[in-house]
1. Among the residues of the range 106-128, are any out of contact with any Leu (no Cβ under 8 Å at 6 or more places or on another chain), open to solvent by less than 50 Å² (accessible area, probe 1.4 Å), part of a helix (DSSP H, G or I) and among the hydrophobic types (A, V, I, L, M, F, W, C)?
2. Cβ-Cβ below 7 Å, separation at least six or inter-chain, first residue in the range 94-112 and free of Cβ contacts under 8 Å to residues at least 60 places away in the same chain and within 16 Å of Arg128 (Cα to Cα), second surrounded by 19 or more Cβ atoms within 10 Å (Cβ to Cβ) and among the charged types (D, E, K, R): which pairs?
3. Applying the selection to the range 46-78, what residues are open to solvent by 50 Å² or more (accessible area, probe 1.4 Å), in a helix (DSSP H, G or I) and touching a strand residue (DSSP E or B) at 6+ places or on another chain (Cβ under 9 Å)?
4. Within the range 21-32, track down each residue that is of a type in the set (Val, Ile, Thr) and open to solvent by 40 Å² or more (accessible area, probe 1.4 Å).
5. Mind checking which residues of the range 82-105 are surrounded by fewer than 16 Cβ atoms within 10 Å (Cβ to Cβ), hydrophobic (A, V, I, L, M, F, W, C) and more than 13 Å from the chain's Cα centre (by Cα)?
6. Restricting attention to the range 33-43, does a residue exist that is closer than 28 Å to Ala12 by Cα, in contact (Cβ under 8 Å) with a residue 40 or more places away in the chain and open to solvent by 40 Å² or more (accessible area, probe 1.4 Å)?
7. Across the range 79-100, what is the total count of residues that are hydroxyl-bearing (Ser, Thr, Tyr) and assigned to a helix (DSSP H, G or I)?
8. For Phe103, all conditions in the list (1) among the aromatic types (Phe, Trp, Tyr); (2) part of a helix (DSSP H, G or I); (3) at pLDDT below 95 hold save one; what is the number of the exception?
Amino acid sequence: MSERSEAGRRAAAFRRTREAHLTEVAEDYVELIGDLIHLRGEARLADITEHMAVSQPTVSKIIARLRREGLVVSRPYRAIFLTEAGAQMAAEARRKHAIVADFLRSLGLDEATVDADSEGIEHHVSDRTLQALIALTARLKAEAGTK
């Protein structure tokens, strides 16, 4: 491989990582908001603050960003709800998370490790890799005789 093509390949990989970092926070927040709505019927600022383990001003700032990006709707002192775009982003983040977590479990990892690692990997994994993880997970489960 020429030095030029190697540089292009690496640049593309770094670009993809930077792009993933830009959406990582939004994906985490919309996924949590969706989960809270599912569990409690609403997502309140205090609940998000508690689950994300950050300050309320930080959550307020991120919710304002998500509102500008058209991912959530909220009014002062009211619950926060996902828009259609936010619900789609949350569903996709949840899907990726489940695939990665299932794969890590099939490797025999404990739930604490599965939770921590799948939370980071889900934001950086490509669709092609996800498909490979699905296939490998199925094979590992078949070999182990589990579902």
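1. Scanning the range 106-128, I find no residue that is out of contact with any Leu (no Cβ under 8 Å at 6 or more places or on another chain), open to solvent by less than 50 Å² (accessible area, probe 1.4 Å), part of a helix (DSSP H, G or I) and among the hydrophobic types (A, V, I, L, M, F, W, C), so the answer is no.
2. Qualifying pairs under 7 Å: Lys96/Glu122; Val100/Glu122.
3. The one that is open to solvent by 50 Å² or more (accessible area, probe 1.4 Å), in a helix (DSSP H, G or I) and touching a strand residue (DSSP E or B) at 6+ places or on another chain (Cβ under 9 Å): Arg67.
4. Scanning the range 21-32 gives Thr23, Val25.
5. Ala85
6. No, the range 33-43 has no match at all.
7. 0
8. The failed condition is (3).
The values are calculated or read from the model by the stated rules, or taken from the named source; none is laboratory data. Nothing here was measured: the structure is a model prediction, and the numbers come from that model. No Cβ is skipped: glycine too gets one built from the backbone with ideal geometry, and neighbour counts run over all protein chains shown. Just so you know, the surface numbers come from the protein's heavy atoms only, side chains and all, with ligands and any DNA or RNA stripped out. Shrake-Rupley method; radii C 1.70, N 1.55, O 1.52, S 1.80 Å.
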